[in-house]
Amino acid sequence: MTDIEAGLEIEQATFGAGCFWGAEAAFRALPGVVDSRVGFVQLTAAETESIEVVQVDFNTTVLSYDQLIEHFWTLHDPTSIDRQGADVGVKYRSAVFYHSMQQAAVAREAKQQVQASGHFDKPVVTVILPLGDFQLAHDDQQQYLEKHGSSSCSI
């Protein structure tokens with residue numbers, strides 16, 4: 001039985017919002033999120049470092065991509081380049097990796113809206129790029145906070 005046959009309309013979304021442990025836990029708490037995994041995506045083919053990301057499977061009949069993006073802005077500081085709290089480096093860059101042109105349009109519009117809102121004093125530096133090669137993190141990194149409790153994550 002497929003997800004559609006089971007009455008679920010599942011879509012994926014991928015976000016870089018600092019330490020992936022905290023971001024994963026925050027997204028998993030949302031009604032409509034049916035699964036998640038943490039991993040890495042290279043920003044560009046020319047860069048050797050990867051960004052920590054959380055990939056979320058969500059039921060679109062319960063939770064929209066717009067709502068996920070809205071939640072994404074609350075999880076981290078999208079005005080900070082390569083840093084989230086005490087976590088420093090390219091791997092903590094704010095990023096939206098879209099899976100479709102519709103997701104790209106929603107993400108770009110949301111970024112413009114959050115910038116225009118005046119909520120942040122500095123420019124929003126979140127990159128919005130097509131999802132490249134997603135590499136799954138080791139099993140011990142998956143749902144880390146659920147398994148081990150608090151961490152050194154900035155989120």
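List the relative contact order of the chain as a percent without decimals, with contacts defined as Cα pairs under 8 Å and 6+ residues apart.
Taking the mean separation of contacting Cα pairs over the length of the chain, I get 31 percent.
Report the gain in length on full extension from Gln112 to Glu49: 0.36 nm times residue separation, minus Cα-Cα distance, nm rounded to one decimal.
Taking Gln112 through Glu49 to full extension adds about 20.0 nm, to one decimal.
Mind checking the dipole of the chain: about its Cα centre, +1 per Lys or Arg Cβ, -1 per Asp or Glu Cβ, Debye to the nearest 20?
Computed about the Cα centre, the dipole is about 460 debye.
Cβ under 15 Å from Gly18's Cβ, Gly18 left aside: what net charge do those residues give with Lys, Arg +1 and Asp, Glu -1?
With Lys, Arg at +1 and Asp, Glu at -1, the neighbours total -3.
Tell me the net charge near Ile128. Cut-off is 11 Å between Cβ atoms, Ile128 excluded, with +1 for each Lys or Arg and -1 for each Asp or Glu.
+1
Quick check: convex hull over the Cα atoms of the stretch 1-151, volume per residue in Å³, rounded to an integer?
Residue-normalised Cα hull volume stands at 124 Å³.
So for the stretch 93-140, what percent of the C-alpha to C-alpha distances run longer than 15 Å?
Tail of P(r) above 15 Å: 54 percent of Cα pairs.
For Val106, Val53, Val88, which order do you get if you count the other beta carbons within 10 Å of each Cβ and list the fewest first?
Val88, Val106, Val53
Cross-link partners among aspartates and glutamates for Lys111, C-alpha distance below 17 Å, same-chain residues fewer than 8 apart left out?
Partners within reach: Asp66, Glu70, Asp77, Asp121.
Please compute the modelled spin-label separation between Asp57 and Asp82, points set 7 Å along Cα→Cβ, answer in nm with one decimal.
If labels sit at Asp82 and Asp57, their model points lie 3.5 nm apart.
Can you give the FRET efficiency for Gln135 and Leu8, using 1/(1 + (r/R0)^6), R0 = 25 Å, r = Cβ-Cβ distance, to the nearest 0.05?
Once the sixth-power term is evaluated, E becomes 0.45.
Taken together, the values in this text are just the output of simple stated rules run on the coordinates, not laboratory data. Here the structure is a predicted model, which is why all the values come from computation and not from measurement. Using ideal geometry, Cβ is built from the backbone for each residue, glycine included, and neighbour counts are taken over all protein chains shown.
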